[in-house]
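The structure appears below as structure tokens.
The values are calculated or read from the model by the stated rules, or taken from the named source; none is laboratory data. All values derive from a computational prediction rather than experimental measurement. Here Cβ is always computed from backbone atoms with ideal geometry, including for glycine, and neighbour counts include all displayed protein chains. These area figures cover heavy atoms from the full protein model, side chains too; ligands, DNA and RNA do not enter into them. Shrake-Rupley method; radii C 1.70, N 1.55, O 1.52, S 1.80 Å.
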Amino acid sequence: MTALECPVLHFQDVELVYKGPPSVTALHPFNLAVRRGEYVTVIGPSGSGKSSFLNVVGLLDRPTSGTYRLDGIDAGRLSERDRTALRGRRIGFVFQAFNLLAHRSALENVMLSLLYTGVARKTRRTQAIDMLYQVGLGHRINSLTSQMSGGERQRVAIARALVNRPSLLLCDEPTGNLDSVSAAAVLELVDGLHAEGFTIVVVTHDPDVAARGERSLVIKDGHLTEAAKTDDRQRVGRHPASFSTGSE
Ligand code: ADP
Ligand code: MG
């Protein structure tokens, strides 16, 4: 299999159980393959397992069982150190609560992402500035994030996630804390990244956000399934191996 054919994400019978007590099965066994350049959205209500799913995708949590391959690499076989390195190289994560340093500038926040890449400071600075221009924040480079609007902070968070040129962008409720105008701007930014060829996974409780993806999944009580759009049924039917729940 060449690198181009290899799915970016490949899950086989992956399950996530929080040990507790009480133990919680946050993700029931599922199979899923996501191709390079796909824009996938996962919709589900609060507590359905969206963040748990994204944390597994983003190598922040290890599955309890099953196999997860990222760009063909079996994440389960990696040491903690190698997982961290893989995450840093391949994944851009936009957290629900932004997770920015409030008393640092937009530029410093984005540069932090490049700290452990071995890139010289001057180059890190140039790359971070370029990225802030790309998300429409060229005029806010030196502003403290604590003095920015929610929409601007979310764009800093996206710039920080993208500056390492990851193969995969993950967003947890990217518009959850935003007014409708800022939310629309962030969604347009994500559309643009999709057009550039990024592989994108967005989890959300908002049907309007979920509708932006080219492929929609639904999560309910930890069960992940392909959304049953009428015009999609044939496509799913033709490629039964591309997605099925492990419990079926
Ligand atoms: P969502 O993001 O859709 O709101 P989560 O993935 O955060 O849902 O949570 C899914 C389920 O797992 C919930 O029942 C939640 O209470 C539980 N859960 C989440 N994180 C933990 C944890 N660290 N330990 C135990 N249970 C957890
Ligand atoms: Mg969540």
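Within the stretch 38-66, restricting attention to residues that are closer than 19 Å to residue 227 by Cα and away from ligand 2 (no atom under 16 Å from the Cβ), the residue that is farthest from the chain's Cα centre (by Cα) is 38.
With the structure loaded, tell me whether residue 138 is over 21 Å from the mean Cα position of the chain (by Cα) and at positive phi or whether it fails that test. Against the criterion (over 21 Å from the mean Cα position of the chain (by Cα) and at positive phi), residue 138 does not qualify.
Checked against the criterion of being crowded, with 19+ Cβ neighbours inside 10 Å, small (Gly, Ala, Ser) and in a helix (DSSP H, G or I), the stretch 131-146 has no qualifying residue. A Cβ distance below 8 Å, combined with a sequence gap of six or more or placement on separate chains, defines the contacts here; from the stretch 197-210, residues that are more than 15 Å from residue 51 (Cβ to Cβ) reach residues that are among the charged types (D, E, K, R) and away from ligand 2 (no atom under 12 Å from the Cβ) in the pairs 197/36; 199/35; 199/36; 199/38; 200/38.
Please verify whether the stretch 115-126 includes one or more residues that are on the phi < 0 side of the Ramachandran plot and touching a strand residue (DSSP E or B) at 6+ places or on another chain (Cβ under 7 Å). Steps first, answer last, please.
From the stretch 115-126, those on the phi < 0 side of the Ramachandran plot are 115-117, 119-126; that's our starting set.
Those left that are additionally touching a strand residue (DSSP E or B) at 6+ places or on another chain (Cβ under 7 Å): none.
No, the conditions are met nowhere in the stretch 115-126.
With respect to residue 219, is the statement that it is away from ligand 1 (no atom under 13 Å from the Cβ), modelled with pLDDT of 90 or more, aliphatic (A, V, I, L, M) and under 16 Å from the mean Cα position of the chain (by Cα) true?
no
Contact annotation: residue pairs with Cβ atoms under 9 Å, 6 or more positions apart or on different chains, pairing a residue in the stretch 47-60 that is more than 6 Å from ligand 1 (Cβ to nearest atom) with a partner that is assigned to a loop (DSSP other than H, G, I, E, B) and open to solvent by less than 10 Å² (accessible area, probe 1.4 Å), are 53/44; 53/222.
Residue-wise test of (1) away from ligand 1 (no atom under 16 Å from the Cβ); (2) open to solvent by 20 Å² or more (accessible area, probe 1.4 Å); (3) in a helix (DSSP H, G or I); (4) touching a Lys or Arg at 6+ places or on another chain (Cβ under 7 Å).
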| site | (1), (2), (3), (4) |
| --- | --- |
| 97 | no, yes, no, no |
| 101 | yes, yes, no, no |
| 125 | yes, yes, yes, no |
| 154 | yes, no, yes, no |
| 161 | yes, no, yes, no |
| 170 | no, no, no, no |
| 176 | no, yes, no, no |
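Here is the figure for the stretch 207-217: residues that are open to solvent by 50 Å² or more (accessible area, probe 1.4 Å) and either assigned to a loop (DSSP other than H, G, I, E, B) or β-branched (Val, Ile, Thr) (or both) total 3. Looking only at the stretch 86-93, decide whether some residue is under 24 Å from residue 209 (Cβ atoms), open to solvent by 20 Å² or more (accessible area, probe 1.4 Å) and of a type in the set (Phe, Trp, Tyr). The answer is yes; a qualifying residue exists.
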